[in-house]
Amino acid sequence: MSAELISGKAVAEQMQNEFVSEVSELKEKHGVQPCLAVILVGEDPASQVYVKNKGIACQKIGVKSLEFRKPADFPEADLIQLVEQLNHDAAVHGILVQLPLPKHINETKVLYAVRPDKDVDGFHPVNVGKLMIGEAEFLPCTPAGIQELLIRSGTETKGAEVVVVGRSNIVGKPIAMILCQKQKGADATVTICHTRTKDMKSHTKRADILIVAAGKPKAVTGDMIKPGATVIDVGVNRLESGLCGDVDFETAKEVAGKITPVPGGVGPMTITMLMKNTIKAARLTLKK
Ligand code: L34
């Protein structure tokens, strides 16, 4: 058996095409061009690729993109000052500080500094809290992209056993929270596994939907997957042999019913949901 491929790349392209007309309408009818400010501190090679891809998406859709690239030793206080300056700039609708940040900077402190109504990442504690009670304005981009892929691939989430491998604030915890909400495209029974989980396989084997954000290449292999399950691979690892996910694709695809590839799976969806949130942030200013 060979699993059906869930192409994040194709879904992303389709959604981004829809955004093009949405953005031009915002411009024509309301004179507003959505504007995203992206801050990148340091020279992490992966972050540079992701930020570049975000810029390309902005350009394609007609979102104005401002990039602030700062050296690895950029002081925390200066970073917070830059965020505050963008908070006050009415022309900026969305602010994103690319993670991870260099060690000398307190990430939490920086995330607190972003105005919640410009927090297109959904990382500010106010937005994290709203997500928890089902009132989110901005869903974090990677989890939102995962949910969209489940919906568009026709994977039933209602009543499904979802197992999430990984408990990060960016992916594991928020996707678990999203999928257990009493809402369309959710309503699942969710288990979160992590590095201290006993007998990981006993959990992953039960999953109708297995979401892997372990941060470890090929951490999940075919023998850990329930036959016919939908497998979402969130990992992007740069090995000498090229990019690979946190799922061992070769063995997994023989067991899974549907599976996302790396690259071309969740990554492009993360960027697409960022575009969605940025457009939404621009719309929100019209109501004020
Ligand atoms: N603040 N930091 C903040 N917001 C985010 O939403 C992110 N994330 C994660 C890392 N740090 C962040 C991203 O943007 C991960 N992430 C991300 C974005 C884009 C891609 C992957 C992860 C992506 O474009 N992936 C391509 C492959 C690109 C490559 O590495 O060559 C793919 O097809 O998967």
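The values are calculated or read from the model by the stated rules, or taken from the named source; none is laboratory data. A quick note: this is a predicted structure, and the numbers were derived from the prediction, not measured. Positions of Cβ are backbone-derived with ideal geometry, glycine not excepted, and every protein chain shown enters the neighbour counts. Accessible surface areas use protein heavy atoms only, side chains included; no ligands, DNA or RNA. Shrake-Rupley method; radii C 1.70, N 1.55, O 1.52, S 1.80 Å.
Here are the numbers for the structure shown:
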quantity: Sorted peptide list for 177-184, 41-48, 203-210, criterion being average Cβ within 10 angstrom, highest first; calculated: 203-210, 177-184, 41-48
quantity: Reach of K218 by Cα under 19 Å, taken over lysines that are not fewer than 8 positions away in the same chain; calculated: K198, K201, K205, K226, K253, K258
quantity: Considering only the chain, percent of DSSP beta bridges that pair antiparallel, nearest 5; calculated: 10
quantity: Given charges at Cβ of Lys, Arg, Asp, Glu: the stretch 97-157 dipole, positive-most of V126, C141, L101; calculated: L101
quantity: Modelled FRET efficiency - R0 41 Å, Q85 with K205, Cβ distances, 0.05 increments; calculated: 0.20
quantity: Rel. contact order, % - alpha carbon contacts under 8 angstrom, at least six apart, the stretch 43-122; calculated: 30
quantity: Whole-Hz ³J(HN,Hα) from phi, Karplus 6.51 cos²θ - 1.76 cosθ + 1.60, for the stretch 204-220, glycine and proline x; calculated: 4, 5, 7, 6, 6, 10, 10, 10, 10, 10, 7, x, 9, x, 6, 5, 10
quantity: Entries of K60/K288; K60/K103; K70/K287; K54/K130; K182/K287 with Cα pairs more than 32 Å apart; calculated: K60/K103; K70/K287
quantity: Whole-percent carbon and sulfur share, accessible surface of the chain, 1.4 Å; calculated: 53
quantity: Top of F123, F249, F68 by mean-square fluctuation, Gaussian network on the chain, Cα under 10 Å; calculated: F68
quantity: The chain - percent relative contact order, Cα under 8 Å, separation 6 or more; calculated: 22
quantity: Calculated P(r) tail over 35 Å for the chain, as whole % of Cα pairs; calculated: 17
quantity: Electrostatic dipole magnitude of the chain [Cβ: Lys, Arg +1; Asp, Glu -1; Cα centre; debye, to 20]; calculated: 420
quantity: Selected from V220, V23, V231 as most flexible by GNM, with the chain as the system and alpha-carbon contacts under 10 Å; calculated: V23
quantity: 222 nm mean residue ellipticity, helices alone, for the chain (DSSP H n ≥ 4; -39,500 (n - 2.57); rounded to 500); calculated: -12500 deg cm²/dmol
quantity: DSSP H segments from the chain that extend 24 Å or more along their own axis, Cα-based, with Kyte-Doolittle mean of 0.5 or above; calculated: 266-286
quantity: Amide proton proximity set for E4, modelled H, under 5 Å, gap of 5+; calculated: K258, I259
quantity: Residue of R238, R115, R196 that the Gaussian network model of the chain assigns the largest fluctuation, springs spanning Cα pairs under 10 Å; calculated: R196
